[in-house]
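The values are calculated or read from the model by the stated rules, or taken from the named source; none is laboratory data. The model shown is predicted, which means the values in this text are computed figures rather than measured ones. Cβ placement follows ideal geometry from the backbone for every residue including glycine, while neighbour counts extend to all protein chains displayed.
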């Protein structure tokens, strides 16, 4: 080998270089994530708050509740989970209803949603999809199809919510499924039914709802 030729790096050097590059990239990704996390959290909290007002008509105030030790307790943290629910009140502080978050499997991936519930009337009065990766043009109609979304504006929960073929809705507890996206439509219904069943025994009887704490 002549003196002018450059010696190729050995396999150990190449492996070390790849490890270092991966380590640097990993640290950079973690740094960016930690730096943007507060902003992401605030944006999600803002989106959720706006969704609460959408699914509970007439609400101008809200407070977050967590089910713990056998009862609902007012909380102010940003934690989420299956034991969290939101109470909505009018301008005078009168209780209107609950906004219930829930999620479950759809056709493609997990569907996260929020629905408005009036316990005294046993009705759902609104539904908002918070996150979905259902098939574009079909499954994504669960939030793009306004007729489908309107199904949940005056919907009885008794005995349970049922999705039927579009145009066949005849009972107050039925919703019209989306043609071509029946699986996604039924997934939304299943998620809501599961959440309602979970909260059924947790919510206080009508007239004993948590008061608004200013």
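Condition check ((1) in contact with a strand residue (DSSP E or B) (Cβ under 9 Å, 6 or more places away or on another chain); (2) at pLDDT 75 or above; (3) under 27 Å from residue 143 (Cβ atoms); (4) loosely packed, with under 11 Cβ neighbours inside 10 Å) across all residues:
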{"position": "46", "(1), (2), (3), (4)": "no, yes, yes, yes"}
{"position": "60", "(1), (2), (3), (4)": "yes, yes, yes, no"}
{"position": "69", "(1), (2), (3), (4)": "no, yes, no, yes"}
{"position": "87", "(1), (2), (3), (4)": "yes, yes, yes, no"}
{"position": "94", "(1), (2), (3), (4)": "no, yes, no, no"}
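Residues in segment 103-120 that are in contact with a strand residue (DSSP E or B) (Cβ under 7 Å, 6 or more places away or on another chain) and surrounded by 22 or more Cβ atoms within 10 Å (Cβ to Cβ): 111, 113, 114, 115, 116, 117. Among residues that are touching a residue at least 12 places away in the same chain (Cβ under 8 Å), within 25 Å of residue 73 (Cα to Cα) and assigned to a strand (DSSP E or B), residue 211 is not included.
Looking at segment 121-153, which of the residues that are surrounded by fewer than 16 Cβ atoms within 10 Å (Cβ to Cβ), modelled with pLDDT of 95 or more and in a loop (DSSP other than H, G, I, E, B) is nearest to the chain's Cα centre (by Cα)? Only one residue tops the list, namely 153.
Of the residues making up segment 154-173, those that are in a loop (DSSP other than H, G, I, E, B) and closer than 18 Å to residue 107 by Cβ number 2. When restricted to residues that are surrounded by 16 or more Cβ atoms within 10 Å (Cβ to Cβ) and in contact with a strand residue (DSSP E or B) (Cβ under 6 Å, 6 or more places away or on another chain), segment 165-186 contains 8.
Being touching a residue at least 40 places away in the same chain (Cβ under 8 Å), part of a helix (DSSP H, G or I) and farther than 19 Å from residue 120 by Cβ is the requirement here; does residue 196 meet it? No. Contact map, segment 14-37: first residue part of a helix (DSSP H, G or I), second residue surrounded by 10 or more Cβ atoms within 10 Å (Cβ to Cβ) and at pLDDT below 75, Cβ cut-off under 9 Å, separation 6 or more or different chains; pairs are 17/9; 33/40. Is it the case that residue 158 is closer than 24 Å to residue 206 by Cα and surrounded by fewer than 16 Cβ atoms within 10 Å (Cβ to Cβ)? Yes; evaluated as a whole, the condition is true for this residue.
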